Amino acid sequence: MRVLLGVIMLAALAGLGLIGMLALAPPAPAPPPAPIAAPAPPPRISVLAAARPIAAGSLLKIEDLTTRAFAPGEAPDDALLDAEQVREELRGAMVRRPLSAGELLRPDDVLRPRDRGFLAAVLGRGMRAVSVGVDMVSGAAGLIWPGDRIDLILTQSFDDEKVPIARRVIGETVLADVRVIAVDQALAQGADGALTTEGRLVRTVTLEVNPDQAEKVAVAARLGRLALSVRAIEMPEEAVAEGPQRATFAADVSPALRVPDPAVRGIPTMRVHLGTRVEEMQLR
């Protein structure tokens, strides 16, 4: 009995000691305060500017444009906001005054292809505007834009049997290094061209030419099919100042047509005289 009483007393003393130690222990540290979120930066707006120096009279391309960011209220009221539709409307627009790199574009700085008087404004002194109808193939798959420089190629085909087969198809460069000043209204505004009954996209490309060249284009349009060939932005001087163009015949393209006489190929022939007409007939 005495032993049991002693055990109980020892257990009570141990419990009191533990309570005392817990009372004397330092309190647990408080958790750190949550970090304060940094304030969001004020919204900024993007406006269009010149990506490089642009001379007056130039026709804008997409690569001529860049953006500058401003805080709300800092950008000029007449600055052009950066938007896809605005960029498309500026494609091919004429710059009215010189612009330095980084200078903001304003509505009065450009004349758009759809604006009244655009053609008269972009033409050089003594020059003329002449339009050429093209489709997706002859118009370089619709990738020609105002400001590009092109060669105008005429191809003709002849059905006259008196003409040697090697010369029944001919191609020649009618105009070299002429400037495109407009593409039909729908394309200049970023819309699709009108569809014909054959399902081809018909577009009109307007070129800047002198009076003599305008007459050549008018005649060439009646002779055969016209196609546009885009020139590189930077052409060597000797390539720009080209002389008369040599005609390209069918035989120059197809080696099979370079020997017009079947007898040369080892095929027996017979010449038949029909009045004043002479025909070559192959004997097989």
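The single condition among (1) under 20 Å from the mean Cα position of the chain (by Cα); (2) loosely packed, with under 12 Cβ neighbours inside 10 Å; (3) farther than 23 Å from R179 by Cα that D77 does not satisfy is (1).
Any residue at all in the stretch 134-145 that is modelled with pLDDT of 75 or more and farther than 30 Å from E84 by Cβ? The answer is no, given that none of the residues of the stretch 134-145 is modelled with pLDDT of 75 or more and farther than 30 Å from E84 by Cβ.
Every test in (1) touching an Asp or Glu at 6+ places or on another chain (Cβ under 6 Å); (2) at pLDDT 85 or above; (3) of a type in the set (S, T, N, Q) is passed by T206 save one, and that test is (1). No other residue among R106, R128 is among the basic types (K, R) and in contact with a helix residue (DSSP H, G or I) (Cβ under 6 Å, 6 or more places away or on another chain) apart from R128. The condition (being outside any strand (DSSP E or B), of a type in the set (A, V, I, L, M, F, W, C) and closer than 21 Å to E208 by Cα) is satisfied by just one residue among A56, A129, A79: A56.
Would you point out which residue out of G126, G92 is under 18 Å from P53 (Cα atoms), in contact (Cβ under 8 Å) with a residue 24 or more places away in the chain and either in the same structural domain as A247 (by TED's automatic domain parsing) or touching a Leu at 6+ places or on another chain (Cβ under 6 Å) (or both)? Lay out the reasoning, then the answer.
Details: G126 fails: under 18 Å from P53 (Cα atoms).
Unique residue meeting the criteria: G92.
A121 meets all of the listed conditions (1) at pLDDT 85 or above; (2) out of contact with any Phe, Trp or Tyr (no Cβ under 8 Å at 6 or more places or on another chain) but one, namely (1).
Kindly establish whether E103 is free of Cβ contacts under 8 Å to residues at least 12 places away in the same chain and either within 21 Å of the chain's Cα centre (by Cα) or not assigned by TED's automatic domain parsing to the domain that holds D148 (or both).
On the way: free of Cβ contacts under 8 Å to residues at least 12 places away in the same chain: no; either within 21 Å of the chain's Cα centre (by Cα) or not assigned by TED's automatic domain parsing to the domain that holds D148 (or both): yes.
No, not satisfied.
Per the conditions (1) assigned to a loop (DSSP other than H, G, I, E, B); (2) in the same structural domain as S229 (by TED's automatic domain parsing), the sole criterion not satisfied by G73 is (2).
Every residue in the stretch 113-126 that is more than 16 Å from V205 (Cα to Cα) and in a loop (DSSP other than H, G, I, E, B), please. Walk me through how you get there before you give the answer.
We begin by selecting, within the stretch 113-126, every residue more than 16 Å from V205 (Cα to Cα); these are 115-117, 121, 124-126.
Within the stretch 113-126, D115, R116, G117, G124, R125, G126 qualify.
Scanning the stretch 82-99 for residues that are part of a loop (DSSP other than H, G, I, E, B) and closer than 29 Å to A40 by Cβ yields D82, A83.
The values are calculated or read from the model by the stated rules, or taken from the named source; none is laboratory data. None of these values were measured; they are calculated from a predicted model. Counting neighbours? That spans all protein chains shown, and the Cβs are built from the backbone with ideal geometry, glycine included.
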